[in-house]
1. Any idea which residue in region 1-40 is modelled with the lowest pLDDT, counting only those that are closer than 18 Å to Arg85 by Cα and charged (D, E, K, R)?
2. Given the conditions (1) within 18 Å of the chain's Cα centre (by Cα); (2) closer than 21 Å to Gln110 by Cα, report the number of the one that Glu139 does not fulfil.
3. With closer than 27 Å to Lys196 by Cβ, of a type in the set (Lys, Arg) and in contact with a Leu (Cβ under 7 Å, 6 or more places away or on another chain) as the only criterion, which of Arg109, Arg85, Arg81, Arg58 stands out?
4. If you check Ala111, Ala87, which single one turns out to be small (Gly, Ala, Ser) and over 14 Å from Thr151 (Cβ atoms)?
5. Identify the single condition in (1) among the charged types (D, E, K, R); (2) in contact with a helix residue (DSSP H, G or I) (Cβ under 6 Å, 6 or more places away or on another chain); (3) more than 12 Å from His145 (Cβ to Cβ) that Arg98 does not satisfy, given that it satisfies every other one.
6. Given the conditions (1) within 16 Å of Phe207 (Cβ to Cβ); (2) not in a helix (DSSP H, G or I), report the number of the one that Phe69 does not fulfil.
7. Exactly one condition in (1) touching a helix residue (DSSP H, G or I) at 6+ places or on another chain (Cβ under 6 Å); (2) polar (S, T, N, Q); (3) assigned to a loop (DSSP other than H, G, I, E, B); (4) more than 27 Å from Arg82 (Cβ to Cβ) is false for Asn187; which is it?
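The values are calculated or read from the model by the stated rules, or taken from the named source; none is laboratory data. Remember, it's a predicted structure, so these values are computed and weren't measured experimentally. Here the Cβ is made from the backbone with ideal geometry for all residues, glycine too, and neighbour counts use every protein chain on show.
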Amino acid sequence: MVGINSFRENSTSGFLHSPDHPTGDALVLTHGAGGNCQAALLVAVADCLSSIGFTVLRCNLPFRQVRPFGPPFPAQAADDRRGLREAVAEMRRIVTGRIFLGGHSYGGRQASMLAAEDPGAADALLLLSYPLHPPKKPEQMRTAHFPNLRTPTLFVHGARDPFGTAEEIRSTLEQIPAAARLSLVENAGHDLARGKFDIGNLVIKPFRELTNA
């Protein structure tokens with residue numbers, strides 16, 4: 001059994017998945033630019049991870065706490081990373097094991113930027129549909145921080161994602177000095193089929209292999 005409860009501590013808000021038999025490890029998971037922590041993909045991933053003992057916090061980024069709708073402003077990105085840092089700090093008060101950090105699209109990008117700025121922020125990253133570049137603008141790559149990313153990272157990417165092809169993702173993995181892997185979801189776009197795919201084999205299994213969890 002897994003308990004799911006509303007969570008609010010200091011500036012962190014969301015939903016906490018608490019397994020009956022926790023492993024001690026936890027994941028802070030956040031959303032993309034157009035969504036919130038109630039996104040179906042995040043719920044599905046959190047349910048699967050918590051079913052095997054992970055404590056999972058689905059949290060809203062600061063920009064979403066201020067505005068219920070609409071995208072983030074670029075000038076607020078640093079504040080969103082601060083929010084993730086605070087969410088990780090809250091989880092360290094709850095669990096005794098490792099803290100992993102992840103997110104969908106924009107949320108994953110901010111998680112990776114935080115880890116590049118502070119390698120101690122998380123023990124591993126789970127990046128769902130990393131927005132490698134804007135659709136049809138491959139010249140605008142969002143990888144400047146990758147050479148500073150020393151945190152093991154799993155990219156879960158849809159084969160039909162317009163924000164980056166599988167080939168583009170694979171080529172950028174070489175820029176990351178830490179262990180980095182790609183798990184490709186066939187026939188999925190940027191929303192990763194809203195979590196309606198084999199999460200066990202395409203997310204949980206490779207993430208556990210990457211982290212030895």
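1. That would be Glu9.
2. (1)
3. Sole residue among the options that is closer than 27 Å to Lys196 by Cβ, of a type in the set (Lys, Arg) and in contact with a Leu (Cβ under 7 Å, 6 or more places away or on another chain): Arg58.
4. On the way: Ala111 fails: over 14 Å from Thr151 (Cβ atoms).
Unique residue meeting the criteria: Ala87.
5. Answer for Arg98: the failing condition is (2).
6. (1)
7. (1)
This table checks each residue for (1) closer than 20 Å to Ser11 by Cβ; (2) at pLDDT below 95; (3) among the polar types (S, T, N, Q).
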| residue | (1), (2), (3) |
| --- | --- |
| Gly103 | yes, no, no |
| Ser112 | no, no, yes |
| Ala116 | no, no, no |
| Pro134 | no, no, no |
